[in-house]
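Have a look at the structure below before the remarks.
What follows is calculated from the coordinates using simple rules that are stated; it is not laboratory data. Everything numeric here is computed off the predicted structure, so don't read it as measured data. Quick reminder, even Gly has a Cβ in these numbers, built from the backbone with ideal geometry, and neighbours come from all protein chains shown.
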Amino acid sequence: MVAEGLSGLVRKSIELGEFGRFPIKGSCWVDILQFADDTLIVGEGLWKHVWAIKTVLRAFELVSGLGINYHKSKLIDINSNSSFLEAASYFLSCKVEESNFYFLGIPIGFNPRKESTWNSLLTKMNRVGGWKNRFLNLGG
């Protein structure tokens, strides 16, 4: 339920025109992706959006009473100016991460045609097979 509050703050920031969704091929828009305590906030590399993210995160901390772990938080660049990225990471008190990363074990930004991209995921899937379905139920 708390994570829904963060989504609501991001949506409100978009409504107010402070933050913008990221277009994917013109027909799909992404702003926030969440699973449990993992969150990706996706936007364009603009100072207006960096300020909006800082405002949303601070508002979330104040309203929820929870703290953002900025030492684990990362700013990921895709086609942005490196000096902008460094300045934005300093402003947000987080680290800079490569554009190739893993989210929930899925490789993001890697070349999907290379076998090496999928090796770690295939290794994990082989371990699941070793369970012999002992911990999986038929319902899902």
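So what's the gap between the Cα centers of region 1-36 and region 54-79, to the nearest angstrom? For region 1-36 versus region 54-79, the Cα centre distance is 14 Å. Note on Lys12: aspartates and glutamates with a C-alpha under 13 Å away, same-chain residues under 8 apart excluded, are Glu4, Asp31. The mean sequence separation of alpha-carbon pairs under 8 Å and at least six residues apart, normalised by the residue count of the chain, gives a relative contact order of 14 percent. Based on DSSP H segments of at least four residues, each scored -39500 (n - 2.57), the chain has a per-residue ellipticity at 222 nm of -13500 deg cm²/dmol. Looking at the chain, the pairs of alpha carbons with a distance over 23 Å make up 46% of the total.
So what's the net charge close to Ser73: Lys and Arg +1, Asp and Glu -1, counting the other residues with Cβ under 10 Å from its Cβ? Result for the local shell: +2. A Förster radius of 25 Å, combined with the Cβ-Cβ distance separating Cys28 from Leu104, puts the computed FRET efficiency at roughly 0.85. Within the same chain, lysines fewer than 8 places from Lys95 are excluded, and of the rest, those with a Cα less than 20 Å from its Cα are Lys48, Lys54, Lys72, Lys74.
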